[in-house]
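Structure, as structure tokens:
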Amino acid sequence: DVMMVEHETGQPPMVTPGKANEDKMEYGVGWNNVYGKFTNHFKVSFVENDYYTDAIDDDATVVELGTEFPWTEKTTVSASIVNKNADLYDNEGIWDRDMQYTYLKAGLDHKLTDNVNWLTDVMYITGDVDQLNEHEADGNITNDYLDSGTGDNADIDGSFITTSLSISF
């Protein structure tokens, strides 16, 4: 699949005032497979302009592998692992590069009625970011900083749970 999000001409920038916005593009290739009661999937995506600004190179590659299993007539369980590798981006003045993280996701989809489902997802995220601590006052990083690899490595570690009701008509 291909997805494009287009920035509307004449509108103020979405990210940082004074910076021009670019269109976001995502290209993905996937594969679905049914094996017995299991529905398995694999997808690789390349995202251009993941953070919608042209001031920085912010492309990302995302790889996902997962499965779903109908546990009962009304309940489906799912699990997936997702890995994301991204290039340089700016997060409120902290310049990062080579962001890489993986998250494990487990889900439960329980059918309460014909048109109401209760969805619950649990995620665990782990990874790291090579942080560059020095940058110029205007927010630009010189090539010296990029080439030297100066900065600290920060760990990404977290977990969360989401739950919702889904109503279909």
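Of the peptides 58-65, 35-42, how do they stack up when ordered by the mean number of other Cβ atoms within 10 Å, highest first?
Most protected by this proxy first, the peptides run 58-65, 35-42.
Using amide H atoms built 1.01 Å from N in the peptide plane, name the residues 5+ places from residue 71, or on other chains, whose amide H lies under 5 Å from its own.
76, 77
So what J values fall out for the range 79-87 if you push phi through Karplus, 6.51 cos²θ - 1.76 cosθ + 1.60 with θ = phi - 60°, rounded to Hz, Gly and Pro as x?
Residue by residue, the range 79-87 yields 8, 8, 10, 10, 10, 10, 10, 10, 8 Hz.
Quick check on my link table: of 84/105; 37/111; 84/111; 24/105, which ones sit more than 21 Å apart, alpha carbon to alpha carbon?
Result: 84/111; 24/105 exceed 21 Å.
Any read-out appearing in this document is the output of simple, stated calculations on the displayed coordinates, not a laboratory observation. Source: prediction; values computed, not measured. We place every Cβ from the backbone using ideal geometry, glycine too, and count neighbours over all the protein chains shown.
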